[in-house]
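Colleague: This structure is in structure tokens; I'll ask about it shortly.
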Amino acid sequence: MTNDHLTDFLESLKTDIIHSLQSNGKYATGQTSQQITVNTDRDNPQLQLPAYIQILESGRGRTSKDSLPGSPPMIDRIKQWCQAKGIPEKAAWAIKKSIDKNGFKGTPGIISGPLSDANVDLRLSQAIAPMADEIAQQIIDSIRLS
């Protein structure tokens, strides 16, 4: 049952990250937020974020000459973003070329805010009380059975 409380804790962090993406204008297609998951398949629940999410916060440098294409390619992701924002698809190539040449500036705090010590402490404190109550009840029940 303790894993349920840990899962609730991780779900609250997931919600905070999605709200941060939304409030910082990084929610065009919703694809990033859909890739933020809480994995409960194992004994220890885990919050899983897409690898590129840190780039939204820290930014990206210009494209190197020997870079490998992403999966999906950057132009496809930019086209999706343009469609979600109502920008003509032909602008996607200009945006890609600008990113290739100049990179792009990140949004500080977009991920580090929800994952800050203060927020994690707040969310964890909300999960600890029910966990402590559950453990105390298990101890009491085991004493009664003895």
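The values are calculated or read from the model by the stated rules, or taken from the named source; none is laboratory data. Keep in mind that what you see is a predicted model, and the values were worked out from it rather than measured. Note that we place each Cβ from the backbone using ideal geometry, even for glycine, and neighbour counts take in every protein chain shown. Calculation scope for accessible area: heavy atoms of the full protein, side chains included, ligands and nucleic acids excluded. Shrake-Rupley method; radii C 1.70, N 1.55, O 1.52, S 1.80 Å.
Colleague: State the Cα centre-to-centre distance between the stretch 93-142 and the stretch 74-88 in whole Å.
Modeller: Cα centres, the stretch 93-142 to the stretch 74-88: 28 Å.
Colleague: Might you report the magnitude of the Cβ-based charge dipole of the stretch 30-69 about its Cα centre, with Lys and Arg at +1 and Asp and Glu at -1, to the nearest 20 debye?
Modeller: I would put it at about 260 debye.
Colleague: Using only the alpha carbons of the stretch 1-128, determine the length spanned along each of the three principal axes and report them from longest to shortest in whole angstroms.
Modeller: 52, 31, 28
Colleague: So, with +1 on the Cβ of K and R and -1 on the Cβ of D and E, and no other charges, what is the size of the charge dipole of the chain about its Cα centre, to the nearest 20 debye?
Modeller: Taking the Cα centre of the chain as origin, the dipole is about 1340 debye.
Colleague: Only sites in a loop by DSSP and with at most 15 other Cβ atoms within 10 Å count here; which trypsin sites (Lys or Arg not before Pro) in the stretch 46-82 make the cut? Kindly include the intermediate steps, with their values, before the conclusion.
Modeller: On the way: sites: Arg60, Arg62, Lys65, Arg77, Lys79; in loops: Arg62, Lys65.
Sites meeting the loop and neighbour criteria: Arg62, Lys65.
Colleague: Determine the share of the chain's accessible area contributed by carbon and sulfur atoms, expressed in whole percent, with a 1.4 angstrom probe. Display every interim value, and only then the final one.
Modeller: Working: 5200 of 9660 Å².
Whole-percent figure for carbon plus sulfur exposure: 54.
Colleague: What helices does the chain hold that run 24 Å or longer along their axis, going by alpha-carbon atoms, with a Kyte-Doolittle average of 0.0 or more, using DSSP H for the helix calls? Before the final figure, lay out each step's value.
Modeller: Values: long enough: 2-23 (32 Å, -0.40); 117-145 (40 Å, 0.18).
What comes out of the filter, once short or polar helices are dropped, is 117-145.
Colleague: While we're on this one: At 1.4 Å probe size, with every protein chain present, just tell me what the per residue accessible area of the chain comes to in Å².
Modeller: Counting only protein heavy atoms, the per-residue value for the chain is 66 Å².
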